[in-house]
Structure formats: structure tokens, C-alpha cells
Amino acid sequence: MNKLLQRGLSHPVVILAIVFILMPWVMTAAGSTVSLATMVVIYTLYGIAYNLLLGYTGMVSFGSSLFFGMASYASALFALHVSQNVVLSLIVGTAFAALLGLLVGGLALRRRGLYFALLTLAFTQLFYEISFRWTSLTGGENGLQGVLRPGLENGWLYYLFCAVIVLFCAWLLDRIVHSPFGRVLQAIRDNEKRVQYLGYDPWGYKLSAMVLHAAFIGLGGSMLSMLIHGAYADNLNWQHAGDPIMMILLGGIHHFLGPLWGAIIYINLSDQLSSFTEHWWLIFGALIIAVVLLSPEGLSGVYARLRGHNRWTLTRTPLPAMPSTLADPFATQRSVEHQTILEVNHLSKRFGSVVTADDISLKITAGTVHSLIGPNGAGKTTLFNMLTGLIPHDQGSITFKGQDIGALKVHERTRLGMSRSFQVVSLPANLTALETVRVAAQAGSPHRASLWRDAYSLSEPLERAWGLLKVVGLADRAGEITTNLPHGEQRLLDIAVTMATSAELLLLDEPLAGLADADRERIGALIRRLAGHYTIFLIEHDIDRVIALSDRITVLHQGRMIADGDPQTVVSDPEVVKAYLGEDQTESGSIAPSLAGKPAVPSGKPILALKDVVSGYEGSSVLDGLSLEVREGEAIALLGRNGVGKTTTLYTIMGLLSASGGNLQFDGTDITGMPPNHINRLGLAIVPQGRRVFPNLTILDNLLVARRPGGWDVKDVFDLFPKLGTLQTSLGGNLSGGEQQMLAIARALMAPAKLILLDEPFEGLAPAIVKEVLEAVVELRKRTSILLVEQRIDLALQMVDRAYIMVNGRVAYEGTAADLQQNKELQVKFLGV
């Protein structure tokens, strides 16, 4: 009973009701008025409705004052010229705002990001000018006056009337954000591209959110016109376009009740400050700056930290219990064998003068595992992007299940039964693991866009999500935020999401990239289990596993198909060997001699020293008393299974994560708590996992933006990576994975570096490219110290002097690379190899 009472009292609408009951008494006792309290109530609705767009959908709009102001005009005009009925006036204003939301949204949503925001601002200013100058209709500068509210002229009575309406609207909005529709909005906020691949149309959901938020805001504007007995163009002015944003920033963007606290502060402070000075915006602006800098989550964030948690409270639903019995996702045979499920004929694609697909034709048989291999830059991911509709093809045709899908959008192809994973893990960052899979499974429900049902009341998607998490071994991680999962678990979750859409064809883009051997075995076993239940089109560089898993292999090189057939025939093809494996068919055989004669342990002084370091994410510690050191001229490998804290260690060293305990010294300077840019200027650089090149800059510009005196010259970089010199005018986003990895390393060299941190530099690279990058890393050893995180134990130990093995955030082993190479028992114990 106590738990039930506590849960009821913590419901946001109950808290809102309590605040509304107390607020007029507190404000009048402090010398304010009931009218100002009514203003707070109205602006609370304004803020909560706007946050449906900002906090839940991730769209920044400056058009909300348009709906607020135009609804006040519509309701005032109706009251003055048709009927003084308050309820009818509010309905007219709300409906008019909804129609405007449909119009503005339909046009503005043709653009994204900054352009969307500017378009909404332009619409706001356009309607302001119309309202201000159409004197015969709007009253111009004088506005509309004389609006009455029969039966509600008493200030306290009108406050109660508005409070009840806003409470009801807040309850409706709470229902909406917990509905299947609202849950999809949150997935769109975090990863719109991936949501398309779940079978949803993001544009339709965003337009619906635009109309809904406009309607609720219009209701607020209509209530304001009744409160002030008129309507004025000032509410439409671009200077008020940011009012709801300021309220949300003050209260907390990622908290349902954040706009309430922001409205209380905004209305009362503006009232008090404006009575002292006409320049009150200067003071208010300083307050906004302070809040953004000191507490980005506003007052709600401060309260959350005091309670010891930093989780968002946009939704309150606790993790639903796992059903006692779960259906086996593999119980049904999905594919019909011996029939062609996907056929590609003469497919071609060019980006300017670069040909990424040149007359490709292939067939995929249902129920088989068909692998696509080739060196980095061969056009494999480009082919996946064309098949799934992310980019259009220039020539040729794509037939899926007997239907030409060339003109279909991404979500339409997904609904036909085609789903994919991504080379770089692509998941909604702020959803839990369970919610991520559940939203994917929900796409197949007839209630996937419901505004009324509770999303967790849809039993089938929920049970399917739990079942898939159990299959991939993540059931005990169901409540974890996806961005906090280690890389291996994110890969598993990515596959679970791909399966959740009930697709018949799974396109898996390098699912083993960047994984430790134990995790590669785990995912390889899962792919073997998927075979026969799904048709699988697989991109992968692990040639041994490709041969073991595949029924058929297609090989691309420079956009052309150079081989297609059974695994043994393809991998023994001389042209494939030359293109994919390199001339000598070895990944690193020519590298070892360049390291010969190097002392096992350099005698230089320590350049980096970590002592008892504690660090982690959102209050949970990943590093637990970590100690290690790197000496001048030394190369160190930091090894361990996925999730032990290797990348967390690099982020903590670079200052991207703050150490909550211990000490970090670099070249004699204490860098504990130092910002990343200061650490970098001391001579510490990082090549991050996932490359993170600037996609809209050319190769040359990527290098020049990082250049500082004392770093490498552009010519030296192009000598190290000749391919970058050839492609120097190409955009970073158009490069293959291998080319991006070269660019990421090259960029780190453009500034003077005494120590370079390399995070998974060989992830997702073809053997020939591995060799090229490996040679570059060996060259780096002549000029700087290296701290290397790498899952390829054989490669890592070949190029380093010493190695640390991490277990649960601590060093479990420290020794020379030679000793660890010979100690297979130790490798099995700590690394699972």
C-alpha cells in the first residue's frame, strides 16, 4: 500500500496538481497576483507542449510563438465577432493552431536541423508582420481588445478553470509520451536513420508531433487571450520565439515537469525584474547562461543529482518484468528454400568521378547465408545502402520477393521483410536495451502509432523483445542505457534489433568488427543459428568465419564483382587473393622484421602514469583503482575482453571522462581533471574507435584543421599513406572504412604528439588494409610512444614491448609482449583466446 501511495504521489500529473493548488496562495502571499499565477499555469502548458517537440523528438523549432500568438488572435476574433462563449473560443483557437501546425510542419519538415529551425523562425516573423500590419482585422499595434469571458470574470475562478484544463492536457501528454507513438518519437530523437530501418516513417511521426504540439500550444494561447481580454501581435514577435526554450532550459529539457519549474521562474522573474529596470533581459540572459553552463539539465537536473541519479525522467515506466515463458524466436522457419528472395541486375552507382558500383548482378537464395567480401573501398556498404534505399542507384534494378523495390523508401522496404545492421553500431543512444528492441518489434504491431494505449500494454512486442534479448544473452542487461553497454554487447543488441522487425532477409554489415575472440565466437554462433530461419546477406572481413558460415560468396573490388560462387572456389581464385588478401597473402608477415632488435623494455622515463584511477559513466564506476605506465619510446598494448574498461581508460586519460579518484600524470604534469584540449596540447593525441573523421570536410581539410606547429607536414602524411594523397579532395564521409582509419591516424599526427592512444585501429579492415595500417603504426614507433587498445591479440603483441590485461576495471596482468605471446594458458584465462 505504501509503495502504491508513493508511486501515485510521484506521478507528474499529481505533482503538477499539488503545485497548482499551492501556487496562487504562495504567490499572492508574496505580493503577486492571481492573474500572474494563471499566467504561470498557461505557460506551463506552453512549455510541456513544446517539449514534445524538443525533448521527445529532438527538433528545435522557433515557430511555437506563431501557434501561441495566432491561436490567441483566432479565439479573440471568434469571441468578438461570433460568440463570447469561452469554451467555443478555446476550441476555435486550438483547431486553428493545429491547422497552422500542419501547414508549417508540412513545409518546414522538408529540411532538417538548422534549416528547419530557420524556416520556423521565418514563418513566425512572416505571420507577425501580417498580424501587425493587417490593422482592419487584427487591430495592428493596438491589437484586439474587449474580449470577455462570461461566467469566469473572477480571477480565482478563471485560475481554477485554466488549472483544470492544463492538468487534463498534461495527463493527455503524459499518455502520449508513454504510448507507442511517443516511444517512437524518442527513438527518432536519438537515431532517426535507424528508425527508418525498423519500418517507421520518421517524417510522418514528426509531422504528427508538430501538429499535436501546435494544438496544445494553441490552447494555451487561447486561454491567454481570455486572461488579458484581447490579443496582441507582440506574442508573435521573433523576440518571443525562444520563450518556451528558455523555460525548458531553466526547468530541465529531459524531464517531463521541467517546463513547470521553468515557467514559474520565467514568469515571476520577468515580472519582478521588469518592475526594477527596462533592461531586465540582461539579467535574465546572464541567468540562462549560468544555468546552461552549471546545470545543463536545469533545476530538475540539480534535484536528480541530489537524489543520486542522473537519468532522464521524460518517461517514468519502470522496467517491465520478463514473462515466465517466452516464445522461441527460432520456432518458425521463415524462408522458403531454393527460391530467389533478392535479385540485383546491372546495378551501378557513381559519386562524381568515383565509381562505387559497376554493373553488379547477383541473386540471393532464400534460406542461405550469402557473404559479400572485398577490400575496404570495394563498394560493399554502398551496395547495402542501395539495396535498403538509403541512397538511390543510378542504373539497374533491385527485385525483392518478386517485386521491384527501386522506387520504395527505406521504411517501405523494411516492411516488406528486409532489415539490416550497420558497420558502425547504430542504436538509439538514450533508450534502454529492452526499449530499443521493443520499439523495433512494435513496428509490426497494428497499434504501432497509437496515441492512447500504453506501449508496454502491447504484450506481443514486449514478449518478443524479451525473447530476443534472451537469445543474444542480454536479458540481464535489459535496463541498461544502450550507450553505456560495451562494444560487444552493442553488437549483440544491434543484431537483436535487426531480428525484431520480423524480416525475412537480414543484411549484416561487419557484425564481428572490433570484437574480442570470445565475442566473435558468440556472435558467429548466433549467425549460424540464424541461418535457415532467415536469409542472411553478410559483409565480413574475418575470412575464416566467412568460409565456415557461407553457402555462397560474392567478391567486390573497386565496385566490380570479380567472383561469385561457393566458398572454396572463391577464396582460391587468384584475382580474389590478389585484390582481397594482398600480394603476399599475409596480413603482417612483412612487418615483424622491422621490429627486430628493438629492446623489449625501453629504458626511458615514464611519460604517462595512472595511479589508482577510478572513472565511469553516470555514477557507475568502470575503472576501479587502475594503475599503469607508459615510458618514452615504448609501445604498450592494453588488452582485455569487451566491457572491462579499455576505451574508458583512454577517454579518462584524454579528459573526456572525469576521474573520480586516483591520479593521472603526463610528462611530469598532473592532468587529473584537465580539459581535453589542454591535454592534447601537452602532446597527447587519440585515434578514437569508429574513426570520427569530419564527414563534410575533404581529406586535406581534415588534416589542416588539426595542424599545429611541430606536427607532421602534409607531405610526410601523404608519404606514409599514399592513398590519402591520391584522394585528398574527397570528402571524409565518402571514404571507405580503411581510408577513414588512415585519415584518423594521419590527423592525429598533424599536431606534435609525445604519446598516441590508438583505439581499435584495425577494426573492420580487410587484410591488405590491415597490413598498410600496421606498417604505418610501426613507422610511428620511431617517433612517439604508443598506447594501443586492440582485440586482434596476434597483431597487438607483434608490435608492442609490454602488455597490460584488464579485468573488471583493474590490471590483472603486466608483462612483456614476448612472455604473453608464449603463455597460451594466460591468454585463454584472461582473453578467451
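The values are calculated or read from the model by the stated rules, or taken from the named source; none is laboratory data. Everything numeric in this text was worked out from a predicted model, so none of it was measured. Positions of Cβ are backbone-derived with ideal geometry, glycine not excepted, and every protein chain shown enters the neighbour counts. Please note that ligands, DNA and RNA were not included when accessible areas were found on the heavy atoms of the full protein model with its side chains. Shrake-Rupley method; radii C 1.70, N 1.55, O 1.52, S 1.80 Å.
Return the Rg/Rh value of segment 117-195, two decimal places, where both radii are evaluated on C-alpha atoms and Rh is the Kirkwood radius. A ratio of 1.17.
Name the trypsin sites (Lys or Arg not before Pro) in segment 97-188 that are in a loop by DSSP and that have at most 14 other C-beta atoms within 10 Å, would you? Could you put the intermediate results ahead of the total?
Values: sites: Arg110, Arg111, Arg112, Arg133, Arg175, Arg183; in loops: Arg110, Arg111, Arg112.
Of the trypsin sites (Lys or Arg not before Pro), the ones in loops of segment 97-188 whose Cβ has at most 14 other Cβ atoms within 10 Å are Arg110, Arg111, Arg112.
Could you name the lysines in cross-link range of Lys754, using Cα to Cα under 29 Å and dropping any fewer than eight places away on the same chain? Lys754 reaches Lys598, Lys605, Lys611, Lys646, Lys715, Lys723, Lys771, Lys782.
In order along segment 311-318, the phi-based Karplus estimate (6.51 cos²θ - 1.76 cosθ + 1.60, θ = phi - 60°) of 3J(HN,Hα) comes to 6, 5, 10, 5, 10, 10, 5, x Hz; Gly and Pro are listed as x.
Considering only DSSP beta bridges where both residues belong to segment 673-807, give the percentage that are antiparallel (nearest 5).
Expressed as a percentage, antiparallel bridges in segment 673-807 total about 10.
Rounded to the nearest whole Hz, the Karplus-based 3J(HN,Hα) values (6.51 cos²θ - 1.76 cosθ + 1.60, θ = phi - 60°) of segment 373-379 follow the sequence 10, x, x, 4, x, 6, x, with x at glycine and proline. When Glu772, Glu790 are compared by accessible surface with a 1.4 Å probe, the order from highest to lowest is Glu772, Glu790.
Protection proxy ranking for 21-28, 34-41, 188-195, using the average of other Cβ atoms within 10 Å per residue and placing the highest first: 34-41, 188-195, 21-28. From the alpha carbon centroid of segment 109-169 to that of segment 694-755 is 52 Å.
What is the local net charge at Phe422, summed over the other residues whose Cβ is closer than 12 Å to its Cβ (Lys, Arg +1; Asp, Glu -1)? Display every interim value, and only then the final one.
On the way: positive: Lys193, Arg194, Arg420, Arg491; negative: Asp494, Asp509, Glu510.
It works out to a net charge of +1.
Net charge of the neighbourhood of Phe284, taken over other residues with C-beta under 15 Å away and scored Lys/Arg +1, Asp/Glu -1, is -3.
Per-residue 3J(HN,Hα) values for segment 266-272, derived from phi via the Karplus relation 6.51 cos²θ - 1.76 cosθ + 1.60 with θ = phi - 60°, read 4, 5, 5, 5, 4, 5, 5 Hz in sequence order (x marks Gly and Pro).
When only alpha carbons are used to place a centre, segment 523-573 and segment 233-309 end up 56 Å from one another. With all protein chains kept in place, the per residue accessible area of the chain amounts to 41 square angstrom at a probe of 1.4 angstrom.
With one equal scatterer per alpha carbon and no solvent term, the Debye-computed log10 I(q)/I(0) for the chain at 0.08, 0.09 1/Å reads -0.81, -0.99. Residue order by solvent-accessible surface for Arg641, Arg477, Arg438 is Arg641, Arg477, Arg438, largest first, with ligands and nucleic acids left out and a 1.4 Å probe. Using Cα atoms only, what is the angle between the long axis of helix 433-442 and the major principal axis of the chain, expressed in degrees (0 to 90) to the nearest 10? Between helix and principal axis, roughly 70 degrees. Here's the list of lysines a cross-link from Lys409 could span, going by alpha-carbon distance under 29 Å and ignoring same-chain residues fewer than 8 apart: Lys193, Lys206, Lys349, Lys363, Lys380, Lys401.
Ignoring everything except DSSP H segments at least 4 long, calculate the 222 nm mean residue ellipticity for the chain; use -39,500 (n - 2.57) per segment, divide by total residues, nearest 500.
Helix-only estimate at 222 nm: -14500 deg cm²/dmol.
Relative to one another, the C-alpha centroids of segment 191-208 and segment 176-190 are positioned 10 Å apart.
What does the C-alpha gyration tensor say about the overall shape of segment 269-405? Classify as rounded when a/c is under 1.5, otherwise prolate if a/b is larger than b/c, or oblate. Before the final figure, lay out each step's value.
Values: a/c = 4.07, a/b = 1.93, b/c = 2.11.
It is oblate, given that a/c is not under 1.5 and a/b is not larger than b/c.
A protection proxy built from the mean count of other Cβ atoms within 10 Å ranks the segments 156-168, 368-380, most packed first, as 368-380, 156-168. Each of Pro767, Ile756, Gly725 was placed along the dipole of segment 692-833 (beta-carbon charges, centred on the mean Cα), and the one lying farthest toward the positive end is Ile756.
How would you classify segment 121-246 from its alpha-carbon gyration tensor, with a ≥ b ≥ c the square roots of the eigenvalues: rounded for a/c under 1.5, else prolate if a/b is greater than b/c, otherwise oblate? Because a/c hits 1.5 or more and a/b fails to exceed b/c, segment 121-246 counts as oblate.
Of the beta bridges in the chain, as assigned by DSSP with both residues counted there, near 55 percent are antiparallel. Seen from Gly352, the other residues with C-beta closer than 15 Å to its C-beta sum to a net charge of 0, counting Lys and Arg as +1 and Asp and Glu as -1.
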